[in-house]
Amino acid sequence: MIEITERGEVERILADPASHVPTADPAATSSFAQFRAGASRFANGATHDARRARLEELLDGLDAHALASAARERAAVATAMTAAARDAEVDTAAGPRAAGADRARRIPVAVLAEALGFARPDALPPLVAIVTAAYPSGESEPPHGADAAVTELLEASGAADASERALRVQLLVQAHAATATLVERALELAEAHGAATPTLALLDAVLRDDSPVPVTRRIIAAPHGDHELVTLRLDGPDRVASTDRPARILAFGAGPRACPAPHHALAIAAAIVDTVRAGTNRREEITRHAVAR
């Protein structure tokens, strides 16, 4: 498979209405395969456009400020729990810091699920993680693991219509790894750059230089009228970038299939990163005072 890395060419292909995505099999019978077949992500043409329009309607009904507030509350609780575990020297296989990171990865999905009206939103992230792992390829390990997980998620969505349930679950799945990775990498940068760097600058740096979703695929026209499947890198080099013009950001894609919720994702990510950074700074300040005594 050909891999295209230069950002200008990647952006051109993403914006080209003639480029398509590999489609899911509409005749598949498993619960997970049917879910993929019902998502906009694996559809083209009028089917994609109709599903995409419905996703945008769902997202338009969500308040980014409310999402940020909910993320901030959950992050504060997770940060406090991590600090308590550290103070108590909790002996777990992964350690209290890893346990805190695991909680932070759950927050974006829980916040979005609650806003969309899912039942038991804080119990859903592990199920979404299972589905997300199999989502790009359609292959699940163990074979029936994604079937069971997606069935629970579809039921929790609360929607009566099957197509509506699939689209609501799609929003959780596509938010899971991307938003969590954005948060984690921004926090890693925060440790390296210190408290003086604004959170939004950290998020921008991750999106520009270390895309949380590094690749996507498209079917494009090839010579002699054929078509070929290509891999597009969203984090490749940008030939026109310079000191006066930073590399363009393709982390949210481009063109008609670009991420429909960049503002929602950034609101949630910024709230989590801000809250975790504030908690870390407070603990460091308390430690300095204790040592000074």
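The values are calculated or read from the model by the stated rules, or taken from the named source; none is laboratory data. Predicted, not measured: the structure shown is a model, and the values here were computed from it. For neighbour counting, all protein chains shown are included, and Cβ atoms are generated from backbone atoms with ideal geometry for every residue, glycine included.
Sort out which residues of the stretch 28-47 are touching a helix residue (DSSP H, G or I) at 6+ places or on another chain (Cβ under 8 Å) and outside any helix (DSSP H, G or I), and write them in order of number. A28, S30, A39, A43, listed by residue number. Scanning the stretch 49-71 turns up no residue that is assigned to a helix (DSSP H, G or I), modelled with pLDDT under 95 and more than 20 Å from the chain's Cα centre (by Cα). Scanning the stretch 206-224 for residues that are at pLDDT below 95 and small (G, A, S) yields A221, A222. In the set (1) closer than 26 Å to L203 by Cα; (2) buried (at least 22 other Cβ atoms within 10 Å of the Cβ), the condition left unmet by A133 is number (2).
Reported count of residues in the stretch 112-154, each being more than 16 Å from the chain's Cα centre (by Cα) and closer than 27 Å to P22 by Cα, is 18. Residues in the stretch 106-161 that are out of contact with any Phe, Trp or Tyr (no Cβ under 6 Å at 6 or more places or on another chain), outside any loop (DSSP other than H, G, I, E, B) and of a type in the set (D, E): E114, D122, E152, E155. When we screen A221, A192, A196 for residues that are surrounded by fewer than 14 Cβ atoms within 10 Å (Cβ to Cβ), more than 16 Å from the chain's Cα centre (by Cα), hydrophobic (A, V, I, L, M, F, W, C) and more than 30 Å from A271 (Cβ to Cβ), the only hit is A221. Residues in the stretch 179-222 that are outside any helix (DSSP H, G or I) and closer than 28 Å to I4 by Cβ: 13 in all.
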